[in-house]
Amino acid sequence: MMEPLVFIPGLACTEHLFTPVINELKDRVTIHVADIRGPDTMDAIVEKVLAEAPSRFSLAGLSMGGYVAMEIALRAPDEVAKLALLDTKMRPDTEDEKAARHKLMEMAASGGLNEVIAVLTPRLLHPDNAEDPDLVRIIRQMTEETGADIFMAQERALLGRRDISGLVPGITVPTLVVVGDEDAITPPSAAREMHEALPDSTLVTIENAGHLTTLEQPEAVAEALADWLKLPHTV
């Protein structure tokens, strides 16, 4: 029997991040979406996901979810059958990226989720999708459902995460690396670096997509995941 698939969403994201992809795959594999809201350290998030996950599973994380997924693959290798890393990277934040996180936290602390959304949205989407009303609405919905307190907790977890770049070659399960061709946050160069570091990986670049490939091009992402899972394709 095929292991269930666990999705881990990114910063300020909810299960809506994966809804279009789940709709493509739900008849072919059992799917769970992890809830990473609450803890403010990477260790605690990893523990929460593992406590709520099946005993053995395939794992797919996007952005922050990818950082969590790599930590789980390193800490609980016997529980992870396969790994998919979507629009993420193995390197820690640069000083400029850390400063940007602190700035966003300041905005959120002062009640400025609207400002946070305004800053993040153009960076999350392909330029051609930046004003797509449905995508903009989903980003706002997810951020508002997350709320300022949880957003800041997630940022603290990201700021405190360890550098795992030297450990990634120890992840030996079949791994899919996915990246949008215009991802401005974790660019294709970061995906290629992960792909080259992982001993058993496949790299898929999604055309006409930015950082949120699962929302921008769900059919292409679902196809890549189906190939990775070796699922039968729909007609």
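The values are calculated or read from the model by the stated rules, or taken from the named source; none is laboratory data. Given the structure is predicted, the values throughout are model-derived calculations rather than measurements. Quick reminder, even Gly has a Cβ in these numbers, built from the backbone with ideal geometry, and neighbours come from all protein chains shown.
If the requirement is being in a strand (DSSP E or B) and either modelled with pLDDT of 95 or more or more than 24 Å from Leu124 (Cα to Cα) (or both), which of these qualifies: Lys48, Lys82?
Criteria check complete, one pass: Lys82.
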Set Glu15, Glu47: member being over 24 Å from Pro174 (Cβ atoms), touching a strand residue (DSSP E or B) at 6+ places or on another chain (Cβ under 6 Å) and surrounded by fewer than 19 Cβ atoms within 10 Å (Cβ to Cβ): Glu15
Tabulated pairs, segment 1-24, first hydroxyl-bearing (Ser, Thr, Tyr), second surrounded by fewer than 18 Cβ atoms within 10 Å (Cβ to Cβ) and outside any helix (DSSP H, G or I), C-beta under 9 angstrom, 6+ apart or interchain: Thr14/Asp35
Residue that is surrounded by the fewest Cβ atoms within 10 Å (Cβ to Cβ) [pool: residues in segment 18-44 that are of a type in the set (Val, Ile, Thr) and more than 21 Å from Thr146 (Cα to Cα)]: Thr30
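Counting only residues that are of a type in the set (D, E, K, R) and without any contact (Cβ under 8 Å) to a residue 12 or more places away in the chain, which one in segment 117-149 is surrounded by the most Cβ atoms within 10 Å (Cβ to Cβ)?
Asp132
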Residue list for segment 55-103, restricted to those being among the polar types (S, T, N, Q) and surrounded by 15 or more Cβ atoms within 10 Å (Cβ to Cβ): Ser58, Ser63, Thr88
